[in-house]
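I have placed the structure first, in the form of structure tokens, so that the comments after it can refer back to it.
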Amino acid sequence: MLCDECGKNNATVHLTKIVNDKRSETHLCEQCAKKYMNLNTNFSIQNIMSGFLIDAPEVEKSSPLVCENCGMTYDEFKRNGKFGCSRCYSSFENEVAPIVRNMHSHDRHVGKIPLNAGKELKDKKELEDLKFKLREAVENEEYEKAAEYRDKIKEVEEGD
């Protein structure tokens, strides 16, 4: 897809604006996006993530959060938007989980499972989805649907 502004480069930035239930989309290349948004920084997931963290609740200054594995502080993470190691997420979970939940509506992966993933992983994902649907059905007082989900859960669990 070409940039809506210059019509030359591939669009890598996709903006969606919703005003009064009317949706408009703009597709821009990185150069036009920088002009359009008056930005002088590179676009990256780290920059976007650190932008969300600016509004995150402040952590007590008397005892800064530090990852026990790599030594990265929460303040460093807020500045660069990157974790230092795989254990940083659990070290900063209380501060980061609400932000991830707000961005994605979930704090766990709900996307597709690779085709070559094992049967156990697929069954686990199916079971999680069914349990989520069961809770929703009960909350919405849709008891017939809930019974169907309960039965499907039993089938999956017995199939193990």
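What follows draws every value from the coordinates through simple rules; no lab data is involved. Fair warning: this is a prediction, and the values are worked out from it, not measured in the lab. Because the Cβ atoms are built from the backbone with ideal geometry, glycine has one as well, and the counts that use them run over all protein chains shown.
So which of 22/133; 122/154; 119/154; 82/125 end up more than 23 Å apart by C-alpha? From the list (22/133; 122/154; 119/154; 82/125), the Cα-Cα distance tops 23 Å for 22/133; 82/125.
The residues neighbouring residue 24, those whose beta-carbon lies less than 15 Å from its own, together hold a net charge of -1 under the Lys/Arg +1, Asp/Glu -1 convention.
Which length gain, in nm to one decimal place, applies between residue 35 and residue 2 when the Cα-Cα distance is subtracted from 0.36 nm times their residue separation?
Once the chain is fully extended between residue 35 and residue 2, it gains 10.2 nm.
Multiplying the sequence separation of residue 69 and residue 19 by 0.36 nm and subtracting their Cα-Cα distance, what value in nm do you get?
The residue 69-residue 19 span can extend by a further 13.5 nm.
Here r is the Cβ-Cβ distance between residue 12 and residue 116 and R0 is 41 Å; the resulting FRET efficiency, rounded to 0.05, is 0.90.
List the trypsin sites (Lys or Arg not before Pro) within segment 1-33 that DSSP assigns to loop and that have no more than 11 neighbouring Cβ atoms inside 10 Å.
Hits after loop and neighbour filter: 8.
Over all other residues within a Cβ to Cβ distance under 15 Å of residue 67, the charged ones net out to -1, with Lys and Arg as +1 and Asp and Glu as -1.
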